[in-house]
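Values in this text are rule-based calculations from the coordinates and carry no lab data. Just so it is clear, the model here is predicted, and its values are computed rather than measured. Positions of Cβ are generated from backbone atoms using ideal geometry, with glycine treated the same way; all protein chains shown enter the neighbour counts.
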Amino acid sequence: MDIYRLSNKPGFVITDLKLGVKNQDRVNVYVNDKFAFSLDVAQVVDFKIKKGLAVSEDRLLELKKASEYGKLYQRTLEWVLLRPHSESETRDYLRKKIFEKKLDKSYIDRIIEKLKTKKYLDDYRFAEWYVEYLTGKKNFSIKRIKMELRKKGIANDIVDELLERTENYEAKKLSEIIAKKRSKYPDEKKLIAYLCRQGFDYQLVNELVRSSEMD
C-alpha cells in the first residue's frame with residue numbers, strides 16, 4: 001500500500017510487524033492493519049519501531065524513505081560482494097537503479113560512503129585484483145591494462161604504483177603470445193602488426209619477434 005494514501009486516515013498506528021518470507025532480514029511494517037513498507041532488522045531497532053506506536057504522516061514518509069534506502073543499499077551490497085568493483089562502477093550501478101526506480105539521488109553518496117567505511121568498496125584493492133586478473137587471463141599490454149583501469153575510474157597514482165610491480169610482465173607476456181600465435185601469423189610483419197594492435201611497444205615487439213625467429 002502506498003503510504004501517501006494513508007493521509008485520509010484519522011491517525012496512524014503501527015499495528016503489526018512480520019518477518020519477510022523470502023528475506024528474513026527484513027520486517028514488513030503494517031500501519032492501520034495494512035502493509036505500508038518494509039525495513040531491515042537494524043532499521044527497526046534504530047527507529048524504535050514497535051506494535052502500537054503512533055506516528056505522524058511526516059514520520060511515515062521518513063520511514064518510507066528509509067525503506068527505499070535500505071533496500072537499495074542491500075541490493076548494492078550484494079552486487080559489490082559478487083566480485084570486486086571500483087567506486088566508479090558502483091556509482092554507475094546506483095545511478096541506473098535510481099533512474100529505474102525513480103528514487104532519491106542523494107542515496108548514491110550515502111551508500112558509497114557506507115560501503116567505503118565498511119571496507120566493501122576500495123579502489124586500491126579493486127585495482128590490485130583487476131591487474132592480477134588482466135595479467136593472468138588476458139593478452140593485454142601494460143598500455144592496455146592502464147586503459148582498462150582508467151575506464152574503471154581508477155586514479156592515475158594507483159595505476160602507476162601497481163604497474164611498477166609488473167616490470168618484467170610485458171616481455172614475458174609477449175614471449176608467450178609470440179609462441180602461441182607464430183603458427184597463425186607465419187609472416188613476421190603480420191605477427192608484429194598483430195602484437196602492436198594489442199598495445200605492445202613496437203620496439204620490444206620487433207626485438208622479441210626477431211629473436212624468437214632465430215631460436
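A few points about this structure:
- The H on the amide N of L121, modeled in the peptide plane, is under 5 Å from the matching H of K116, each at least 5 residues off or on a different chain.
- Distance violations [Cα-Cα > 32 Å] among K71/K138; K102/K151; K18/K118: K71/K138
- Label point distance in nm, T117-E62, each placed 7 Å from Cα along Cα→Cβ: 1.8
- The range 172-215 shape via C-alpha gyration tensor axes, a/c threshold 1.5: rounded
- Relative contact order (%) - criterion: Cα under 8 Å, at least six apart; region: the chain: 13
- Of K50/K119; K105/K152; K137/K189; K97/K119, those spanning more than 29 Å from alpha-carbon to alpha-carbon: K50/K119
- Phi-based couplings in Hz for the range 23-32 (Karplus 6.51, -1.76, 1.60; Gly and Pro marked x): 10, 7, 8, 10, 10, 7, 9, 10, 10, 6
- 222 nm mean residue ellipticity, helices alone, for the chain (DSSP H n ≥ 4; -39,500 (n - 2.57); rounded to 500): -18500 deg cm²/dmol
- Here T90, T15 are placed in order of increasing Cβ neighbour count within 10 Å, fewest first, which gives T15, T90.
- Residue order, fewest to most surrounding Cβ atoms within 10 angstrom, among V29, V41, V209: V41, V209, V29
- Rounded to the nearest whole angstrom, the semi-axes of the ellipsoid equivalent to the range 1-153, taken from the Cα gyration tensor as √(5λ), stand at 41, 14, 11, largest first.
- Of all the options K51, K102, K22, the one that moves most in a Gaussian network model of the chain with Cα springs shorter than 10 angstrom is K22.
- Neighbour-count order for V31, V159, V13, V45, fewest beta carbons within 10 angstrom listed first: V45, V13, V159, V31
- Between 0 and 90 degrees, the angle of helix 188-197 with respect to the longest Cα principal axis of the chain falls at about 30 degrees.
- Against the chain, whose longest principal axis comes from its Cα atoms, helix 169-181 is set at around 70 degrees.
- Look at where the Cα atoms of the range 5-65 and of the range 116-131 average out, and the two centres are 36 Å apart.
- With an a/c value under 1.5 for the gyration tensor axes a ≥ b ≥ c computed over the alpha-carbon atoms, the range 122-167 is described as rounded.
- Acute angle (nearest 10 degrees) that the helix 142-151 long axis makes with the longest principal axis of the chain, alpha-carbon atoms: 20
- Database remark: amide H of F12 closer than 5 angstrom to the amide H of V55 (H placed geometrically; neighbours at sequence offset of 5 or more, or on other chains; Pro and chain starts carry no H).
- Positive-end ranking of A54, L72, I112 along the dipole of the chain, with charges on Cβ about the Cα centre, is headed by A54.
- Rounded to whole numbers, the Karplus 3J(HN,Hα) couplings from phi for the range 122-133 are 8, 4, 5, 5, 4, 4, 4, 4, 5, 4, 4, 5 Hz, using 6.51 cos²θ - 1.76 cosθ + 1.60 with θ = phi - 60°, and x at Gly and Pro.
- Only Lys, Arg (+1) and Asp, Glu (-1) charged, at Cβ; the chain dipole about Cα centre in debye: 880
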